1. What are the residues whose amide H is under 5 Å from the amide H of Phe44, where those residues sit 5 or more places off or on another chain and H is modelled from the backbone?
2. First select every other residue whose beta carbon is under 9 angstrom from the beta carbon of Thr194; then total the charges, Lys and Arg +1, Asp and Glu -1.
3. Using only DSSP helix segments of four residues or longer, with each worth -39500 (n - 2.57), what per-residue ellipticity at 222 nm results for the chain after dividing by its residue count and rounding to 500?
4. What is the sum of charges, Lys and Arg at +1 and Asp and Glu at -1, for the other residues whose Cβ falls under 11 Å from the Cβ of Ala410?
5. Taking the Kirkwood radius as the inverse of the mean 1/r across Cα pairs, report the Rg/Rh of segment 44-149.
6. Could you please tell me the mean projected area of the C-alpha convex hull for segment 309-384, averaged over all directions and given in square nanometres to one decimal?
7. Tell me, what are the semi-axes, in whole angstrom and largest first, of the equivalent ellipsoid of the chain as set by the roots of 5 times the Cα gyration tensor eigenvalues?
8. Starting with the highest mean, order 148-160, 308-320 by the number of other Cβ atoms within 10 Å, averaged over the residues of each peptide.
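What follows is calculated from the coordinates using simple rules that are stated; it is not laboratory data. Remember, it's a predicted structure, so these values are computed and weren't measured experimentally. Note that each Cβ is placed from the backbone with ideal geometry, even for glycine, and that neighbours are counted across all protein chains shown.
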Amino acid sequence: MTDLTRLTAAALSEKLQAGDISSVEVTRAHLNRIAAVDGDLHAFLHVSSAALETAAAVDAKRAAGQTLSALAGVPIAIKDVLCTYDMPSTAGSKILEGWVPPYDATVVRKLREADLVPLGKTNMDEFAMGSSTEHSAYGPTRNPWDLERIPGGSGGGSAAAVAAYETPLALGSDTGGSIRQPAAVTGSVGVKPTYGGVSRYGAIALASSLDQVGPVSRTVLDAALLHDVIGGHDPRDSTSLRDTWPSFAHAARAGKESRSLAGVRVGVVKELNGDGFQAGVHSTFAEALELMAAAGAEIVEVSAPNFEYAVAAYYLILPAEASSNLAKFDSVRFGMRVNPLRGGTVEDVMAATREAGFGPEVKRRIILGTYALSAGYYDAYYGSAQKVRTLIQRDFDAAFQQADVLVSPAAPTTAFKLGEKLNDPLAMYLNDITTIPANLAGIPGMGLPMGIAPEDGLPTGMQIMAPARQDARLYTVGAALEALLEDKWGHTLISRAPDLALAEDFAATEGVV
């Protein structure tokens with residue numbers, strides 16, 4: 001007997017295509033899993049009432065002999081920053097509570113066209129501002145490895161749902177590490193594509209020059225299969241690249257089958273593995289590098305001196321763009337409206353609405369961004385930060401002259417305890433120290449499991465970065481490393497996560513074959 005929720009998306013796809021299982025069976029199994037564990041986990045903000053109906057329609061198409069996509073019938077969760085015409089889209093904020101958009105984000109539309117089955121919307125830090133999902137207006141998500149710890153952020157809901165077997169796949173968004181950092185602390189896989197490689201149309205914007213939508217999964221191949229679905233040019237997105245992309249699933253399969261890194265130059269970024277990193281992160285990173293070297297990789301140290309200023313530059317650029325993007329939430333066009341005084345002006349209503357609707361982290365960043373953009377300070381702050389961004393891009397260019405991919409830990413520590421850093425914004429911001437540079441440069445990055453920290457038994461993550469437009473290289477190298485680690489451990493790392501549900505919870509489901 002095999003629990004359907006334990007199968008990868010690729011394995012589910014094979015069984016669905018062979019007719020061994022139905023999409024209704026798979027979807028029901030995952031809905032039952034959500035019902036069993038999400039009361040403790042709180043990964044979902046909304047569970048779709050149409051999931052089984054959608055699954056039945058996919059089964060009917062398959063029975064009729066229609067040609068379907070590789071992932072047809074496979075369930076997926078969607079980060080609540082993405083617009084869905086049939087489910088609320090709140091971006092984790094009270095100011096959008098209950099708001100149902102009149103359209104789908106392009107990536108959601110592509111999911112539907114490929115016949116994946118949306119299970120619901122996942123929790124997140126409000127407007128994607130945070131590294132722990134504690135800034136959600138609807139309460140924090142918990143890490144399935146330890147319910148007293150954070151699942152990362154801002155996309156902790158998607159990562160936790162995948163790690164807890166509530167869904168095989170999820171969509172996230174990554175502005176400064178919000179896919180890769182949650183992957184690191186939950187033992188899952190997350191990919192930030194090249195900027196412009198996946199449409200941002202219908203993604204509620206935080207910082208338009210940094211945001212990127214990407215896949216969340218339990219394996220590199222599953223992430224690649226989802227990336228193949230959501231990627232490509234979108235005329236609705238003015239920043240969308242017109243490139244013809246290769247099959248990322250093919251690249252992942254090639255890496256997994258070969259288990260070889262012969263001829264691959266792996267650059268270790270000196271500035272992204274220094275003081276302040278947890279001992280277990282250092283040790284598992286060193287072990288992963290040894291494994292890559294044994295598989296034929298040439299390990300070289302590279303220096304990117306301007307990465308030192310990445311966090312400071314990022315926390316000027318992001319708030320500046322956020323203050324502009326969030327101006328649309330003005331109580332006039334959509335969302336919450338608070339009327340403070342009878343006969344009050346539009347400005348009074350706007351001020352009262354934004355005061356009640358935005359949380360403290362959002363307010364903090366709006367104030368910081370507005371200040372950075374104000375007359376007399378623009379050049380000193382925002383303009384200077386953009387110059388640092390250019391220097392960081394040049395550092396990447398120089399590093400990729402010496403290496404095919406760059407690597408670092410995906411997060412400096414394992415998952416910290418809920419509340420531990422909530423009242424220390426600077427400490428919280430430093431959680432993204434390794435992931436921010438890739439967003440500033442627009443290059444692709446992947447977070448994947450690299451081991452268990454011996455001091456606390458929690459997962460650590462490796463970050464792999466490639467030059468812009470070379471996303472396929474991430475999948476080849478990442479899948480090879482994943483296979484090598486599984487050979488070493490004798491199992492997948494995620495299988496070591498504590499099971500949140502009692503045995504009878506699974507026996508009660510119809511999700512076994």
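1. Correct list: Asn123.
2. Neighbourhood net charge equals 0.
3. -12000 deg cm²/dmol
4. +1
5. Rounded to two decimals, Rg over Rh is 1.04.
6. The directionally averaged projection comes out at 5.7 nm².
7. Semi-axes, largest first: 32, 30, 21 Å.
8. The most tightly packed comes first, giving 148-160, 308-320.
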